[in-house]
Amino acid sequence: MTGARPCAAEQRGPRERGGGGRGSGGSCAAAAGGMSGARGAGRALAALLLAASVLSAALLAPGGSPTPDVDKKRHVELKMDQALLLIHNELPGTNLTVYWNYDRCYQCLLQVLVRASRGGKPGKPSVAAVAVGTQHVSILRLNDTVEDKELCRLEYKFGEFGNYSLLVKHTPDGASEAACDLVVNEKPVDSDLPVTVAFLVGLALVIAVSFLKFLWSLEDFNNWISKAINSRETDRLINSELGSPSRAGDPQPEAWRPSAAPLRLRCLDTFRGMALTIMVFVNYGGGRYWYFKHSSWNGLTVADLVFPWFVFIMGSSIFLSMTSTLQRGCSKFRLLGKIAWRSFLLLCIGIVVVNPNYCLGPLSWEEARIPGVLQRLGVTYFVVAVLELLFFKPVPESCASERSCFSLLDVVSSWPQWLVIMALEGIWLALTFFLPVPGCPTGYLGPGGIGDLGKYPNCTGGAAGYIDRLLLGDHHIYQHPSSTVLYHTDVAYDPEGILGTINSIVMAFLGVQAGKILLYYKDRTKDILVRFTAWCCLLGLISVALTKASENEGFIPVNKNLWSISYVTTLSAFAFFILLVLYPVVDVHGLWTGTPFFYPGMNSILVYVGHEVFENYFPFQWRLGDSQSHKEHLVQNLVATALWVLIAYILYKKKVFWKI
């Protein structure tokens, strides 16, 4: 799922820039020639490393997929994530029906894969060829077609573009009617090799850059550079541009000092940028790997992580921005108008983005999708921001100063908001588990389709899907939900629907709590980290209790399509853990500036809208030599993602930001 920048009301710190400060005008003039050369060399090195990483991912992963295998005799053309299976039926007088499905399809009806005719003379079996999926473990069941009696059953993880034979014959001892033996005719390719290579190249790039920055921090190396450039001032500016650690006694860079810009913490923009970068990558295809796509129903993949994190960071930004705005003397009434206007803009932009028609002709209003990512953000932002505005309390002086602060003040000071949030969650639980849905069991949380043994094919999403179809209509919600992949659902279902918005509000409010911790305990790193840890553990334990530590057997499974409460607590626990790491590393000690994620995090609405609008345009997409190759798709998606990070960097340097 995609997302957009949630912090529309957030105020940017004046003159804040990444990568170090600036010298005086005279000093810059004296060292202009040296600096331009150094910057040019640095950018050339960065471009070279980026090109090397892309080329390495393309060249070091030989044969990410061969030319799709075609069995000319049996006319089976293999596509991505498929293998060839030959059914050798040696049973005379017995026709076989082969049923198949993935083991990840929970309680699913097995689907007919192929039928094999009866065997001929001994040594001359009938052969049926079929393509099978390779993304997950496959379940195969062979039945006697006439008697519909199971002969054998097996589970196996096929490899991409592999060639396999399933030999079906009588057992020598006659203990059972048939024996099934699986034989590998041709070994599969390692479809995950391109991802491994790309990861190792990226890791090597990080190590190389870190090593260069370490060298730059050494005094002897600096002296050598200083002599080569023949300018001590130029050397100081180069060190500042590359973000070298401050020496003892030197003032800490403004962006790294937690007390210098308490309302614009770099770790929040870095976190937002990390989520946005992953989002761009998975929205562009993620190399067509299943774990970079959304879960078909219960469970988590990489793609399921990013949107909730946007919502969480939006909540943190709401509180920090609101505090800053009200401290500057803005009235609550005027701020309410700004909140309403920004929410309206998010809704409008979202409707435009989710209904592209520049290549499909005029848009039909009868089929326009109403829910969407930006729409969900707009509604969530409005509710949480208005809630905080109504019950806003200034940060107590006892917490703003170095004096002691009540350990739970950041929570108990928000008791009216907590009551509202609990009431909203009660509404979600009541509607989800007690709303009667025609033709479906009350409290149904399943995908419908062939799930639950095919008993409820039109009940996708239970109450959540029913409310959307009732209030918005079948044609105004998402027509291709992820549940169609494994569960073969035919009912429209929108993962950004009405009922799930309640839990996105809950998640944003948990983000508000993170923002209050950062502000209430400003300059007290230990207190902040202790509270992040406590929230992480508490939410994690709630998730374990709700899910019974399982994917499908819990009271409320983790489900992105439903935005279940366990999904919210799990992703919020992850968010607190990430802040637990980023805050001391980025804002307290300055060990990392957040590069390169900081730059898209500062311009997230522009990057999100831009990557959606220009998705099908060069250079973000081009015709591939082999459309069935994970490797080629991965290279294309990595290049497109890197380009948006580069665009965000250039816009940041040009001080171009899209704010609404």
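The values are calculated or read from the model by the stated rules, or taken from the named source; none is laboratory data. Here the structure is a predicted model, which means the values were calculated and not measured. Cβ coordinates were reconstructed from backbone atoms using ideal geometry, including for glycine residues, and neighbour counts include every protein chain displayed. For the accessible areas, the whole protein counts, side chains as well, though only heavy atoms, and no ligand, DNA or RNA atoms are used. Shrake-Rupley method; radii C 1.70, N 1.55, O 1.52, S 1.80 Å.
The selection criterion, being farther than 25 Å from residue 414 by Cα, free of Cβ contacts under 8 Å to residues at least 12 places away in the same chain and open to solvent by 10 Å² or more (accessible area, probe 1.4 Å), does not hold for residue 526.
The residue that is surrounded by the most Cβ atoms within 10 Å (Cβ to Cβ), among those in the stretch 556-576 that are over 18 Å from residue 275 (Cα atoms) and of a type in the set (A, V, I, L, M), is 562. Of everything listed in (1) modelled with pLDDT of 85 or more; (2) in a loop (DSSP other than H, G, I, E, B); (3) open to solvent by 80 Å² or more (accessible area, probe 1.4 Å), the single unmet condition for residue 199 is (2). Selection of the stretch 600-626 for residues being farther than 26 Å from residue 375 by Cβ, open to solvent by 40 Å² or more (accessible area, probe 1.4 Å) and in contact with a helix residue (DSSP H, G or I) (Cβ under 8 Å, 6 or more places away or on another chain) yields 619, 622, 625.
Taking the stretch 577-596 as the search range and keeping residues that are of a type in the set (A, V, I, L, M, F, W, C) and at pLDDT 95 or above, which one is surrounded by the fewest Cβ atoms within 10 Å (Cβ to Cβ)?
Filtering the stretch 577-596 for residues that are of a type in the set (A, V, I, L, M, F, W, C) and at pLDDT 95 or above, the one surrounded by the fewest Cβ atoms within 10 Å (Cβ to Cβ) comes out as 581.
A quick yes/no check of all residues on (1) crowded, with 19+ Cβ neighbours inside 10 Å; (2) at pLDDT 95 or above:
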residue: 398; (1), (2): no, no
residue: 407; (1), (2): no, no
residue: 411; (1), (2): no, no
residue: 424; (1), (2): no, yes
residue: 434; (1), (2): no, yes
residue: 453; (1), (2): no, no
residue: 460; (1), (2): yes, yes
residue: 479; (1), (2): no, no
residue: 498; (1), (2): yes, yes
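Condition check ((1) over 21 Å from residue 139 (Cα atoms); (2) of a type in the set (Phe, Trp, Tyr); (3) at pLDDT 75 or above) across all residues:
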{"position": "160", "(1), (2), (3)": "no, no, yes"}
{"position": "174", "(1), (2), (3)": "yes, no, no"}
{"position": "181", "(1), (2), (3)": "no, no, yes"}
{"position": "194", "(1), (2), (3)": "yes, no, yes"}
{"position": "209", "(1), (2), (3)": "yes, no, yes"}
{"position": "212", "(1), (2), (3)": "yes, no, yes"}
{"position": "222", "(1), (2), (3)": "yes, no, no"}
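When the stretch 143-179 is examined, which residues are found to be assigned to a strand (DSSP E or B) and under 15 Å from residue 92 (Cα atoms)?
143, 144, 151, 167, 168, 169, 179
Confirm whether residue 368 is farther than 26 Å from residue 614 by Cβ, exposed (fewer than 14 other Cβ atoms within 10 Å of the Cβ) and in contact with a helix residue (DSSP H, G or I) (Cβ under 9 Å, 6 or more places away or on another chain). No: the conditions fail for residue 368. Residue 337 meets the conditions (1) in a helix (DSSP H, G or I); (2) crowded, with 22+ Cβ neighbours inside 10 Å in every case but one. The failed one is (2).
Residue-wise test of (1) touching a helix residue (DSSP H, G or I) at 6+ places or on another chain (Cβ under 7 Å); (2) assigned to a strand (DSSP E or B); (3) at pLDDT 90 or above.
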residue: 67; (1), (2), (3): no, no, no
residue: 97; (1), (2), (3): no, yes, yes
residue: 100; (1), (2), (3): no, yes, yes
residue: 107; (1), (2), (3): yes, no, yes
residue: 114; (1), (2), (3): no, yes, yes
residue: 121; (1), (2), (3): no, no, no
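Taking the stretch 529-555 as the range and being in a helix (DSSP H, G or I), more than 21 Å from the chain's Cα centre (by Cα) and surrounded by fewer than 18 Cβ atoms within 10 Å (Cβ to Cβ) as the test, the residues that pass are 530, 533, 534, 537, 538, 541, 542, 544, 545.
Filtering the stretch 646-660 to residues that are assigned to a helix (DSSP H, G or I) and open to solvent by less than 30 Å² (accessible area, probe 1.4 Å) leaves 648, 652. I want to confirm something. Restricting to the stretch 124-177 and keeping residues that are of a type in the set (Ser, Thr, Tyr) and out of contact with any Ser or Thr (no Cβ under 8 Å at 6 or more places or on another chain), which single residue is most open to solvent (accessible area, probe 1.4 Å)? Per the stated criteria, the residue is 176. Within the stretch 495-521, if we keep just the residues that are in contact with a Gly (Cβ under 8 Å, 6 or more places away or on another chain) and in a loop (DSSP other than H, G, I, E, B), the residue that is nearest to residue 570 (Cα to Cα) turns out to be 496.
Scanning the stretch 465-477 for residues that are open to solvent by less than 10 Å² (accessible area, probe 1.4 Å) and of a type in the set (A, V, I, L, M, F, W, C) gives a single hit, 477.
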